[in-house]
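Undergrad: Dropping a structure here in structure tokens format, bear with me for questions.
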Amino acid sequence: MASNSFGELLRITTFGESHGPALGVVIDGVPAGVPLVVEEFLPELARRRPGQSALTSARREADAPRLLSGLFEGRTTGMPITVVVDNVDARPADYDALRDAPRAGHADAAYASKYGHRDHRGGGRSSGRETVARVIGGVVARKLLPPATRIVGHALQIGPHVARDFDPTFIESNPLRCADRAVAPAMADYVARLQAQHDSTGGLVEVRIEAPPKDLGDPVFAKLKGKFAEAFLSIGAVTGFSYGAGWRCATLKGSDYVADSANFGGMLGGISTGDPIVLHASIKPASTVGAAAQAGRHDPCIVPRVIPVLEAMAALVLADRVLMLRAQRG
């Protein structure tokens, strides 16, 4: 189905299921001659993988990528790039009891209704494990952006705890990827308490894009903000998207709104201005709670593992629009 692909000039197609033999991605549209080695995927995959802390799923996946095509002597060939990640800690038998029992809050019943059958093994394609392919695509997309462009996501809020300070050097030093040293311990304690109760929590992620290219996006139906919204909302755990002042616009007067360019979120008329782009995504609480959470391997808070996925999707949008701008300008 075409719905398994994202992007126009830079296009990714993801494949595989949560408890199948492997997952992967085909990345098409990458120009020839871009330096790339398989080891470059490892840091980002490590940030997304399960089992990275006591506050994430206990599933143990090395997420070791195998690059099958599109690369020769350390450079892209201009042909489709195919990367596969094997599932080594899948336990499909754990889901046998769910074959005829759709889980509340999951896509089980919706998939069964639409397709007449479903993969009950951890949700199949609807599982968050699909996002391993997006992270791989994001690594390649970043290589098509200007060196100065930097994409940084962090946990802005988890449950009732809201970060006030932003220290990017601290993000990878705590399990929830909070950028506020003072708030991070309270966030972690809150998630740990819910985990002990076999419950979960949602949160809010902020993605900051520093030094983005100018002039990306087009009027009306190809606005850059719309591309970001589509990218973020295509992630199963994401329930809402905003940029700049976001929902706070409802409380602002027009004079206040135009007085601070940060309210525009780095885009005017759907086109990037070159100012920092600030995006927000609301993340739902994990739907597996209670006895199901006690028996299985599930995240009490999806926020820290979705951050690298959001960053990857932002990179894919930017890189696709960079290629589009080059094509438009000849």
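We did not get these values from a lab; they are worked out from the coordinates using the rules stated. Since the model is a prediction, treat every value here as computed from it, not as a measurement. Cβ: placed from backbone, ideal geometry, glycine included. Neighbour counts: every protein chain shown.
Undergrad: Scaled to the compact-protein estimate 2.2 N^0.38 Å, what is the alpha-carbon radius of gyration of the chain, rounded to two decimal places?
TA: My calculation over the Cα atoms of the chain gives 1.00.
Undergrad: Give me the percent relative contact order of the stretch 27-66, please, defined on Cα pairs under 8 angstrom at least 6 residues apart.
TA: Over the stretch 27-66, the number comes to 34 percent.
Undergrad: In terms of modelled amide H atoms, which long-range or inter-chain residues lie less than 5 Å from the amide H of G153?
TA: Counting only residues 5 or more places away or on other chains, the set is R208.
Undergrad: Quick one: Karplus J couplings for the stretch 218-226, per residue in order, coefficients 6.51, -1.76, 1.60, θ = phi - 60°, nearest Hz, x for Gly and Pro?
TA: 9, x, 6, 8, 10, 4, 4, 4, x
Undergrad: What trypsin sites (Lys or Arg not before Pro) in the stretch 33-65 are in a loop by DSSP, with at most 15 other Cβ atoms within 10 Å of the Cβ?
TA: R60
Undergrad: Per residue, how big is the convex hull of the stretch 59-155 when only Cα atoms are used? Give it in Å³.
TA: 172 Å³
Undergrad: Based on alpha-carbon positions alone, could you give the equivalent ellipsoid semi-axes of the stretch 6-92 from the gyration tensor, as √(5λ), descending, whole Å?
TA: Here the semi-axes work out to 26, 14, 11 Å.
Undergrad: Report relative contact order for the chain in percent, whole number only (criteria: Cα-Cα under 8 Å, sequence separation at least 6).
TA: 21 percent
Undergrad: Where Rh is the Kirkwood radius over the Cα pairs of the stretch 266-330, the temperature 20 °C and the viscosity 1.002 mPa s, what D in µm²/s does Stokes-Einstein return?
TA: After rounding, the answer is 143 µm²/s.
Undergrad: Taking loop as defined by DSSP and a crowding limit of 13 other beta carbons within 10 Å, which GluC sites (Glu not before Pro) in the stretch 10-84 fit?
TA: E73
Undergrad: Give K214/K284; K143/K284; K114/K223; K223/K253 a once-over and call out the pairs whose C-alpha atoms are over 26 Å from each other.
TA: Exceeds cut-off: K214/K284; K143/K284; K114/K223.
Undergrad: Name the residues of the stretch 13-39 whose amide N is less than 18 Å from a point 7 angstrom out from the Cα of R326 along the C-beta direction?
TA: So the set is 27-37.
Undergrad: Before rounding to the nearest 500, sum -39500 (n - 2.57) across all DSSP H runs of length at least 4 in the chain and divide by the residue total; then give [θ] at 222 nm in deg cm²/dmol.
TA: Computed ellipticity for the chain at 222 nm equals -8000 deg cm²/dmol.
Undergrad: Next up: Which of A64, A312, A110 moves most in a GNM of the chain, Cα contacts under 10 Å?
TA: A110
Undergrad: Dividing the alpha-carbon Rg of the stretch 254-295 by 2.2 N^0.38 Å yields what?
TA: 2.08
Undergrad: A follow-up question, please. Let's test the formula: R0 of 35 Å, r as the Cβ-Cβ distance of K114 and A62. What FRET efficiency results, to the nearest 0.05?
TA: 0.60
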